[in-house]
1. When 1/r is averaged over all different Cα pairs and the result inverted, which Kirkwood radius in Å belongs to region 117-215?
2. How big is the charge dipole of region 314-370 about its Cα centre, in debye rounded to the nearest 20, if each Lys and Arg gets +1 on its Cβ and each Asp and Glu gets -1 on its Cβ?
3. Going by alpha carbons, how many degrees (0 to 90, nearest 10) lie between the helix axis of 237-251 and the longest principal axis of the chain?
4. For GLU282 and TYR200, compute 0.36 nm times the residue count separating them, minus their Cα-Cα distance, and round to one decimal in nm.
5. Under the rule of at least 5 residues apart or a separate chain, name every residue whose amide H is placed under 5 Å from the amide H of SER85.
6. What is the fewest-to-most order of LYS63, LYS255, LYS145, LYS344 by other Cβ atoms lying within 10 Å of their Cβ?
7. Given LYS53/LYS242; LYS199/LYS238; LYS53/LYS199, which pairs have Cα atoms separated by over 23 Å?
8. Grab the other residues whose beta carbon is less than 12 angstrom from that of LYS297, score K and R as +1, D and E as -1, and report the net.
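Values quoted throughout were computed directly from the atomic coordinates according to the rules given, and no laboratory measurement underlies them. For clarity, every value in this text was computed on a predicted model and none was experimentally measured. Quick reminder, even Gly has a Cβ in these numbers, built from the backbone with ideal geometry, and neighbours come from all protein chains shown.
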Amino acid sequence: MFDYEARHIIEALRSGIPSRAIGHYFSEARPLIMQEIRHDLDDVRTIGTSRGKIISGKYGEGKTHLLNTIFNLAHENNMVVSIISLSKETPLDKLYLIYQKVMNNTFLPKKEQPGIMQEFEHMHPESTIANEMLLFTAKQLETDKLYYVLRSYLNTDDQDEKYMLQTDLEGDYISNTQVKQLYRRIFSEKVTFQNNFNKYKHCQDYFALLSHLFRLLGYAGWVLLFDETELIGRTGKKTRMKAYTNMSHFLFPQKRFEAMYNVFAISSSFIEDVIEGKHEYENLQALEKEMDTASVKRVLDTIRQSSQLVPLTKSEITGIIQKLIFFHGRAYDWNPQIDMNLLKKQIDGSGYLLRTKIRSAIEYLDQMLQYGKVGETTIRHISTDTYGEEPPDLQSLLE
């Protein structure tokens, strides 16, 4: 009888699809950087201060795998985890879109499915947590919009109103005018904002709201994991500068962000291709009158000095191979009798990327399972066609 979880791990490694299960079972490699991360998490949990980190590595060398390892480590330490991949639909220059993605990809400890809205749904308007949240939103944020949104959400009996306020908490913001109208209907009180909310300027308030909520709920902190950060480089100059500015909010968090650990995974080629290739420091000088260039420069400096994922040592690769053999056996219900020297020889000839080495090892094990031996691919004849040739008719192929 095959082991379902073992098969999931092997198939995820074969396809290259990120998996938290892989991060759980393959977490021993790169002990130095893992020691740094454990130290960071301990500080965030015990002291409550927030910090950020950038992890840089080549394509296929395990950046996403490392993020999944951090995911599991954070959950083991009673920390909430959000993990998102930056993309065209989730660009770092638009923080309000990042927040929406975060709301859909946040995992509470001991929960397999994402979701945190239930914590707001279970909040009683007279509870200690509700009172603490209202005090926080009234006094500690850049705008006081969230105070009126949250108080209205907790006290309305109208389901349409509650749904509208819920969508705001999830990042689909309702207008300031709508907030005033809802609050006046529920409490018969007029609203005067101290500072009008603007989703382009004040979205950080929503991240601060969640960080405070998680601490009140008894969690040790909040870990935000950002993958594919190098996609910033595909955007225009001003868009990149906005993205760097938003990165600075997470790499160098303000005090209102409570017990947050923010990690960005980025390709090591970003320095040469983008920072140097697109002359980011020179671009920054040209925009000094338009934006806060000091925080952007600090981000660029941090990327250049970021922790690099070095290639695994031979002993670390051997450890991974041994685990692959174990899980492959459990996944397909067989007892692999493998010549490690032959397997290592095949892996050594498969390229320098860790991802291709793993796939090569799985291919080797597949052949041993199916045929009891590993064959060699040979080319006997290469057939070539030209665009000018008429394709053969179906009948001639069947004869």
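1. Numbers: mean 1/r = 0.0743 Å⁻¹.
For region 117-215, inverting the mean 1/r across all distinct Cα pairs yields 13.5 Å.
2. Numbers: 8 positive and 6 negative charges, 42 e Å.
My answer is approximately 200 debye.
3. With rounding to tens, the tilt is 80 degrees.
4. Values: separation 82, 0.36 × 82 = 29.52 nm, distance 2.54 nm.
Here the segment from GLU282 to TYR200 would lengthen by 27.0 nm.
5. So SER85 has HN proximity to ASP227.
6. Details: LYS63 23, LYS255 9, LYS145 26, LYS344 17.
Final ranking by Cβ density, sparse to dense: LYS255, LYS344, LYS63, LYS145.
7. Values: LYS53/LYS242 19 Å; LYS199/LYS238 18 Å; LYS53/LYS199 25 Å.
Result: LYS53/LYS199 exceed 23 Å.
8. Details: positive: ARG298, ARG304; negative: GLU280, GLU282, GLU288, ASP292, ASP301.
Overall, the nearby charge balance is -3.
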